[in-house]
1. Does at least one position in the stretch 14-30 carry a residue that is in contact with a strand residue (DSSP E or B) (Cβ under 6 Å, 6 or more places away or on another chain) and either at pLDDT 90 or above or in a loop (DSSP other than H, G, I, E, B) (or both)?
2. Suppose we filter 73, 58, 44 for residues that are in a strand (DSSP E or B) and at pLDDT below 95; which single one remains?
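The values are calculated or read from the model by the stated rules, or taken from the named source; none is laboratory data. In this text, all values refer to a predicted model and were calculated from it rather than measured experimentally. Here Cβ is always computed from backbone atoms with ideal geometry, including for glycine, and neighbour counts include all displayed protein chains.
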(Lines give C-alpha, C1' and ligand atoms only; values in the text may rest on other atoms or scores of the structure.)
Protein backbone atom coordinates (compact mmCIF):
# COMPACT_ATOMS: atom_id res chain seq x y z
CA UNK A 1 0.00 0.00 0.00
CA UNK A 2 1.19 3.47 -0.70
CA UNK A 3 1.07 6.43 1.64
CA UNK A 4 -2.09 7.90 0.07
CA UNK A 5 -4.00 4.67 0.67
CA UNK A 6 -2.87 4.53 4.30
CA UNK A 7 -3.81 8.17 4.92
CA UNK A 8 -7.21 7.68 3.25
CA UNK A 9 -7.90 4.55 5.32
CA UNK A 10 -6.98 6.37 8.56
CA UNK A 11 -9.17 9.35 7.65
CA UNK A 12 -12.09 7.05 6.80
CA UNK A 13 -11.71 5.21 10.12
CA UNK A 14 -11.58 8.47 12.10
CA UNK A 15 -14.71 9.80 10.37
CA UNK A 16 -16.57 6.56 11.10
CA UNK A 17 -15.68 6.78 14.79
CA UNK A 18 -16.94 10.38 14.97
CA UNK A 19 -20.15 9.46 13.15
CA UNK A 20 -20.72 6.46 15.41
CA UNK A 21 -20.42 8.56 18.58
CA UNK A 22 -22.81 11.17 17.17
CA UNK A 23 -25.36 8.47 16.32
CA UNK A 24 -24.99 6.93 19.78
CA UNK A 25 -25.79 10.28 21.40
CA UNK A 26 -28.83 10.75 19.15
CA UNK A 27 -30.15 7.29 20.13
CA UNK A 28 -30.05 8.03 23.87
CA UNK A 29 -33.46 8.55 25.47
CA UNK A 30 -33.39 11.63 27.71
CA UNK A 31 -34.25 11.11 31.36
CA UNK A 32 -36.04 13.80 33.35
CA UNK A 33 -34.48 14.75 36.68
CA UNK A 34 -36.62 14.42 39.77
CA UNK A 35 -35.61 15.08 43.35
CA UNK A 36 -33.54 12.16 44.60
CA UNK A 37 -32.47 10.93 41.15
CA UNK A 38 -29.11 9.16 41.44
CA UNK A 39 -26.63 10.80 39.09
CA UNK A 40 -23.61 8.85 37.85
CA UNK A 41 -21.67 11.58 36.05
CA UNK A 42 -18.09 10.88 35.04
CA UNK A 43 -17.69 13.63 32.42
CA UNK A 44 -20.03 16.37 31.17
CA UNK A 45 -20.11 16.59 27.39
CA UNK A 46 -22.51 19.51 26.92
CA UNK A 47 -24.92 21.80 28.74
CA UNK A 48 -27.79 23.52 26.91
CA UNK A 49 -30.71 25.64 28.06
CA UNK A 50 -33.71 27.31 26.45
CA UNK A 51 -33.29 30.96 25.54
CA UNK A 52 -34.82 33.17 28.20
CA UNK A 53 -35.93 36.76 27.67
CA UNK A 54 -36.34 37.32 31.42
CA UNK A 55 -34.85 35.84 34.56
CA UNK A 56 -36.72 32.76 35.71
CA UNK A 57 -36.98 29.01 35.31
CA UNK A 58 -35.93 27.47 31.97
CA UNK A 59 -35.61 23.94 30.63
CA UNK A 60 -32.06 22.63 30.35
CA UNK A 61 -30.33 19.50 29.04
CA UNK A 62 -27.05 17.92 30.11
CA UNK A 63 -25.30 15.29 28.01
CA UNK A 64 -22.69 13.31 29.93
CA UNK A 65 -20.73 10.08 30.20
CA UNK A 66 -21.48 7.80 33.13
CA UNK A 67 -18.89 5.69 34.97
CA UNK A 68 -19.36 2.89 32.40
CA UNK A 69 -18.51 5.31 29.57
CA UNK A 70 -22.08 5.35 28.24
CA UNK A 71 -23.65 8.56 26.97
CA UNK A 72 -26.61 9.77 29.05
CA UNK A 73 -28.93 12.74 28.57
CA UNK A 74 -30.69 14.46 31.47
CA UNK A 75 -33.47 17.06 31.15
CA UNK A 76 -34.02 19.37 34.12
CA UNK A 77 -35.25 22.82 35.13
CA UNK A 78 -32.98 25.61 36.31
CA UNK A 79 -32.81 29.33 36.81
CA UNK A 80 -31.87 31.12 33.62
CA UNK A 81 -28.39 32.56 33.31
CA UNK A 82 -29.44 36.21 33.41
CA UNK A 83 -27.37 39.27 34.04
CA UNK A 84 -28.82 42.38 35.60
CA UNK A 85 -27.04 45.70 35.36
CA UNK A 86 -28.45 46.76 38.76
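1. yes
2. Values: 73 fails: at pLDDT below 95; 44 fails: at pLDDT below 95.
Result of the check over 73, 58, 44: 58.
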